[in-house]
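A.B. asks: Next up is a structure, given as structure tokens.
The values are calculated or read from the model by the stated rules, or taken from the named source; none is laboratory data. This one's a predicted model, so the numbers in the text were calculated from it and none came from an experiment. Using ideal geometry, Cβ is built from the backbone for each residue, glycine included, and neighbour counts are taken over all protein chains shown.
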Amino acid sequence: MEGEERSSASIRNYRSTPTIIGCTTIDLSTIDPSDDILLWTSIDAYDACANLGEILIGLRYLQAAERLTVTVHRAKDLKYVSIPG
């Protein structure tokens, strides 16, 4: 769809030193934050990504409930882009 709102995120490994390990783009118009969300996306090599900002997320898996919780901790330098198609 032309004029879709999309967001790009850098994927970092914060275990030792912060290192960008990849990035992904998500169509935000398809996400309703009040619903449970199942989202699959490919992670591209960082060299291939435009710098559209960073989002720091936390992932927590609760095995007993078979549930993954994603928490946005920080968003930095996000840029709005309209990606046709």
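A.B. asks: For residues in segment 43-70 being aliphatic (A, V, I, L, M) and within 12 Å of the chain's Cα centre (by Cα), which is modelled with the lowest pLDDT? Give the steps one after another, and end with the answer.
C.D. replies: So the first thing to find is which residues in segment 43-70 are aliphatic (A, V, I, L, M), and the list is 43, 45, 48, 50, 52, 55-57, 59, 62, 64-65, 68, 70.
The next check asks that each one be within 12 Å of the chain's Cα centre (by Cα); those that pass are 43, 52, 55-57, 59, 70.
Numbers: Ile43: 80, Leu52: 74, Ile55: 78, Leu56: 78, Ile57: 78, Leu59: 79, Val70: 82.
Filtering first and then ranking leaves Leu52.
A.B. asks: Sticking with this structure for a sec: Taking segment 13-42 on its own, how many of its residues are in a loop (DSSP other than H, G, I, E, B) and at pLDDT below 70? Steps first, please.
C.D. replies: From segment 13-42, those in a loop (DSSP other than H, G, I, E, B) are 14-18, 31-42; that's our starting set.
Of the ones still in play, those that are also at pLDDT below 70 are 14-18.
Qualifying residue count for the region: 5.
A.B. asks: Regarding Leu59, is this residue exposed (fewer than 10 other Cβ atoms within 10 Å of the Cβ) and hydrophobic (A, V, I, L, M, F, W, C)?
C.D. replies: Details: exposed (fewer than 10 other Cβ atoms within 10 Å of the Cβ): yes; hydrophobic (A, V, I, L, M, F, W, C): yes.
Yes; evaluated as a whole, the condition is true for this residue.
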